[in-house]
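Enquirer: Starting off with a structure, shown below.
The values are calculated or read from the model by the stated rules, or taken from the named source; none is laboratory data. Since we're looking at a predicted model, the values are computed, not measured. Don't worry about glycine lacking a Cβ; one is built from the backbone with ideal geometry, like all the others, and counts go over all protein chains shown.
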Amino acid sequence: MYLAQKKIKGRTHYAIRESYRQNRQFLSRDLFDLGTDPARFIVYPGGNSFYIHESIEERLNSLNIFPEHHEVEDIFWRFLAPDIRRALETFRNRQMNAKSRRVPKTNKTPAEDQFHIFDRRRILYLKCGRTDQRNMARAPRSLFQVLKAKSRDEIEQMIMEMERILGGRELKNYTYVIFNLQNFFNVWFAQTAPKMLDPEKVDEHFLEEICRLNGDPGFWGGMESGGRLHEYLVRYVLMYFDYDYATESFIEEYIRNFINSRRDYRPPLKFRKADLDEAGALFKVAPEALKKMSRKDLVQRYRQRVKKLHPDQGGDHDRFIKLTRAYHELLRSKP
């Protein structure tokens with residue numbers, strides 16, 4: 001069992017789900033709808049004690065599911081009152097450590113190729129912070145055991161929770177690494193300084209890779225991906241286009257300035273008339289007005305249009321991507 005969350009009309013809804021095996025695939029199903037406030041199912045009888053409302057156990061038992069006590073508590077742990085959570089944290093950690101010591105060790109581990117390469121890249125970054133993943137084969141197989149016997153939905157929910165540790169300045173670097181964009185460039189700094197690469201080419205490869213992943217049945221493992229960009233991949237579009245790379249170190253900035261000073265001159269990018277007409281249609285603004293629009297007004301207009309075209313709001317993901325690309329092109333031309 002695991003806790004799943006989903007944005008519906010701007011509000012986060014929660015549910016208890018489980019992964020189950022069907023033939024050679026793991027699928028997922030809903031067990032209990034927790035609504036927008038799972039904390040309402042936590043009962044505090046007094047002191048630092050608590051228990052989960054019996055309606056949860058009754059519903060699970062009716063589905064012929066009889067979880068251990070700690071499994072249900074784990075799902076609701078993050079919604080516990082902060083003072084009680086702090087008081088019980090040490091005892092809970094001690095219990096979890098003792099439980100892990102009781103699990104018999106085994107040398108049997110799934111073959112490395114059992115886990116999708118995209119999942120392995122994400123786990124390697126989130127657990128080890130490794131940006132250079134060329135020697136992934138040397139990583140201990142035990143690192144990827146968290147992916148074992150899980151449906152695509154459970155894996156995505158788990159990784160979304162792990163991604164909460166990432167700061168805003170790290171998000172674009174993260175997407176650059178997990179989509180293996182450095183693999184498309186032969187220059188020596190592609191691995192450590194993506195900011196020095198041609199941004200248009202990096203953008204192009206990112207969009208190609210995310211669309212390829214969206215259409216990869218081996219990744220979705222029985223989950224319907226649909227014709228549009230799957231909601232589990234939309235967050236990576238936002239991470240990539242809404243954030244910038246992490247601040248450079250002094251040496252990275254020095255090298256970048258050195259390389260830029262020796263590059264052949266290229267005139268500022270200009271929109272062709274056809275491109276400007278398409279951008280105007282996306283922004284719902286006359287092309288000439290769009291061209292004259294200030295940087296501040298452009299940002300404001302882009303945010304308004306995102307609310308309409310964002311896939312989470314029922315918009316078309318292709319138009320959303322085109323809007324974002326046009327926005328970044330226009331932004332470069334604004335002072």
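A quick yes/no check of all residues on (1) within 19 Å of GLU156 (Cβ to Cβ); (2) within 19 Å of the chain's Cα centre (by Cα); (3) at pLDDT 80 or above:
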{"residue": "PHE219", "(1), (2), (3)": "yes, yes, yes"}
{"residue": "TYR236", "(1), (2), (3)": "yes, yes, yes"}
{"residue": "MET239", "(1), (2), (3)": "yes, yes, yes"}
{"residue": "GLU252", "(1), (2), (3)": "no, no, no"}
{"residue": "ARG263", "(1), (2), (3)": "no, no, no"}
{"residue": "PHE271", "(1), (2), (3)": "no, no, no"}
{"residue": "GLY280", "(1), (2), (3)": "no, no, yes"}
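Enquirer: If you check GLU58 against the conditions, is it within 21 Å of GLU73 (Cβ to Cβ) and loosely packed, with under 12 Cβ neighbours inside 10 Å?
Expert: yes
Enquirer: Given (1) among the polar types (S, T, N, Q); (2) at pLDDT 85 or above; (3) not in a loop (DSSP other than H, G, I, E, B), identify the lone condition not met by ASN64.
Expert: Failing condition for ASN64: (3).
Enquirer: Scan the stretch 225-233 and tell me whether some residue there is assigned to a helix (DSSP H, G or I), aromatic (Phe, Trp, Tyr), closer than 23 Å to MET162 by Cα and at pLDDT 90 or above.
Expert: yes
Enquirer: Hey, another quick one. So which of VAL43, VAL72 is more than 30 Å from the chain's Cα centre (by Cα), surrounded by 11 or more Cβ atoms within 10 Å (Cβ to Cβ) and among the hydrophobic types (A, V, I, L, M, F, W, C)?
Expert: The unique qualifying residue is VAL43.
Enquirer: Something else now. Would you please name the residue that is farthest from ALA246 (Cα to Cα), looking only at residues in the stretch 211-220 that are assigned to a helix (DSSP H, G or I) and not small (Gly, Ala, Ser)? Give the steps one after another, and end with the answer.
Expert: Let us first name the residues in the stretch 211-220 that are assigned to a helix (DSSP H, G or I), namely 211-214, 217-220.
Now restrict to residues that are not small (Gly, Ala, Ser): 211-214, 217, 219-220.
On the way: CYS211: 25, ARG212: 26, LEU213: 25, ASN214: 27, PRO217: 33, PHE219: 29, TRP220: 31 Å.
Of everything passing the filter in the stretch 211-220, PRO217 is farthest from ALA246 (Cα to Cα).
Enquirer: Continuing with this model, one more query. Within the bounds of the stretch 36-51, is there any residue that is of a type outside the set (A, V, I, L, M, F, W, C), touching a strand residue (DSSP E or B) at 6+ places or on another chain (Cβ under 8 Å) and within 30 Å of HIS310 (Cα to Cα)?
Expert: Yes, some residue in the stretch 36-51 is of a type outside the set (A, V, I, L, M, F, W, C), touching a strand residue (DSSP E or B) at 6+ places or on another chain (Cβ under 8 Å) and within 30 Å of HIS310 (Cα to Cα).
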